[in-house]
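Bear in mind that the values in this text are calculations on the coordinates, not laboratory data. Please read all numbers here as calculations on a predicted model, not as lab measurements.
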Amino acid sequence: MSSTLLLSMAAFALAASLTPGPVNIMALSAGLNHGFRQSLRHVTGASIGFTLLLVLVGLGLQSLFQQVPLTGVILRWVGVAFLLYMATILIMSTGREVATVPATAPSFWHGALMQWLNPKAWVASAAAISAYTRDGFGIAVLAILFFILCYVSITTWAAMGSWLGTRLTRPHHLRRLNRIMAALLMASALAMGLMSPGGTAVGLPPSAA
């Protein structure tokens with residue numbers, strides 16, 4: 001495998017993982033409200049969840065949506081409902097979670113589930129597999145690159161949230177930022193609901209995170 005191909009893979013993986021999306025917004029929120037260490041459960045779950053999805057798409061899982069189109073529709077609307085649920089949690093936040101209930105930080109399974117319910121993650125997986133792989137070795141290399149860069153990218157968002165949390169010490173400041181993030185999640189849910197049957201929305205590039 002050439003170094004040029006590896007660099008191209010890495011650039012695609014970084015762009016798909018680092019750009020804003022529901023998973024990264026939740027990582028930012030987890031860091032803000034619960035601290036960096038607590039947010040790593042979400043980071044790990046999202047990274048492993050996407051890598052597993054990528055590998056299974058490479059092994060042919062995407063054919064399920066071609067054979068049973070209803071599965072894609074169900075996935076989309078379950079994803080919309082899940083994003084709205086997470087947005088509701090942020091709206092109801094008191095802004096004092098760091099000191100009072102750190103155990104309510106998004107879990108490993110929340111992170112993984114967000115990837116599997118995110119049609120943009122499926123689109124990114126399918127695009128990466130079709131563009132960069134021809135065999136099992138290519139899938140393995142792509143999966144390793146994506147896991148590393150996805151973990152680093154989501155961790156970066158969690159670290160930014162933790163940094164903000166140390167500076168926004170007043171509860172009303174935290175509440176305000178939580179509501180902004182809730183609005184972003186709702187916008188993601190709306191975009192997901194407007195996705196075409198093929199899995200894309202106008203003006204939204206594929207983003208794993």
Open item on the list: To test your reading of the geometry: what angle, between 0 and 90 degrees and rounded to tens, separates the Cα axis of helix 136-167 from the longest principal axis of the chain?
Closed with: 10 degrees
Open item on the list: Rg and Dmax in Å for the chain, alpha carbons only: what are they?
Closed with: 17.1, 53
Task: Calculated from backbone phi, Karplus (6.51, -1.76, 1.60) coupling profile of the stretch 21-36 in Hz, x at Gly/Pro - done: x, x, 5, 5, 4, 5, 5, 4, 5, 5, x, 5, 8, 10, x, 5
Open item on the list: Spelling out what I want: for every residue of the stretch 105-114, take phi, set θ = phi - 60°, compute 6.51 cos²θ - 1.76 cosθ + 1.60 (Karplus), and round to whole Hz; glycine and proline get x.
Closed with: 4, x, 8, 3, 6, 4, x, 5, 5, 4
